[in-house]
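Taking it in order: structure first as structure tokens, then the write-up.
The values are calculated or read from the model by the stated rules, or taken from the named source; none is laboratory data. Fair warning: this is a prediction, and the values are worked out from it, not measured in the lab. Here the Cβ positions follow ideal geometry from the backbone for every residue, glycine too, while neighbour counts run over all protein chains shown.
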Amino acid sequence: MLSNLLEMVEEEGIHLEWWDFKEPISAVYLEMEGVKVIGLRRDINRSKKEFKCALAEELGHYFTGSTYSDRKPENYREEIEISRKEYRAMKWKVSYLIPEEEFLEAVRKGITEVWQLAEYFDLPEELIKFYLKLPKVQESLGG
């Protein structure tokens, strides 16, 4: 999955750079003068799920057009818009990292607990919980 994400970055002409972010920031997607860049925290674990998740979320910003400036929101409307953009990127991320058919196959195999699904897909439990709340997933589970 990680190699697919890296291929996607290359195919889309996005530059991958390592920056000195402080927690809680692990990555950003920026477009500057026509140059597309994903900046990742220098000390992110490059072989683990943290790297995969950060990269997928920034690609989610890119593919959904959900980018925004790094300035602080000046009013509540701007805060809501930022939340919407984060939601769209997150939805893209979980939909990519948890393909619907693979999810349904896991459920058919009896893998239904959040922790089991997290291990199965090698993702944090928080992402599984987010995925399970998506309307399309609720429909597919008959709920």
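Quick one: would you say Ile111 is part of a loop (DSSP other than H, G, I, E, B), modelled with pLDDT of 90 or more, surrounded by 12 or more Cβ atoms within 10 Å (Cβ to Cβ) and among the aliphatic types (A, V, I, L, M)?
Considered against the rule, which asks whether it is part of a loop (DSSP other than H, G, I, E, B), modelled with pLDDT of 90 or more, surrounded by 12 or more Cβ atoms within 10 Å (Cβ to Cβ) and among the aliphatic types (A, V, I, L, M), Ile111 comes out as yes.
Rundown of residues vs (1) of a type in the set (Phe, Trp, Tyr); (2) surrounded by 15 or more Cβ atoms within 10 Å (Cβ to Cβ); (3) touching a Leu at 6+ places or on another chain (Cβ under 7 Å), yes/no style:
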{"residue": "Asn4", "(1), (2), (3)": "no, no, no"}
{"residue": "Val9", "(1), (2), (3)": "no, yes, yes"}
{"residue": "Gly34", "(1), (2), (3)": "no, no, no"}
{"residue": "Val37", "(1), (2), (3)": "no, yes, yes"}
{"residue": "Arg42", "(1), (2), (3)": "no, no, no"}
{"residue": "Leu59", "(1), (2), (3)": "no, yes, yes"}
{"residue": "Thr67", "(1), (2), (3)": "no, yes, no"}
{"residue": "Glu74", "(1), (2), (3)": "no, no, no"}
Checklist entry - With Glu23, Glu57 as the choices, which residue is under 27 Å from Phe121 (Cβ atoms), part of a loop (DSSP other than H, G, I, E, B) and among the charged types (D, E, K, R)? => result Glu23
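Does Glu86 qualify as being surrounded by 16 or more Cβ atoms within 10 Å (Cβ to Cβ) and among the acidic types (Asp, Glu)?
no
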Checklist entry - What pairs come up if the first residue lies in the range 80-103 and is in a helix (DSSP H, G or I), the second is among the basic types (Lys, Arg) and surrounded by 15 or more Cβ atoms within 10 Å (Cβ to Cβ), and their beta carbons are under 9 Å apart, counting only those six or more places apart or on different chains? => result Leu97/Lys52
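For the range 125-138, name all the residues that are part of a loop (DSSP other than H, G, I, E, B) and modelled with pLDDT of 95 or more. Walk me through how you get there before you give the answer.
Start the filter on the range 125-138 by keeping residues that are part of a loop (DSSP other than H, G, I, E, B), which leaves 134.
None; the set is empty.
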Checklist entry - If we keep just the residues of the range 26-44 that are assigned to a loop (DSSP other than H, G, I, E, B) and not β-branched (Val, Ile, Thr), which is nearest to Lys85 (Cα to Cα)? => result Ser26
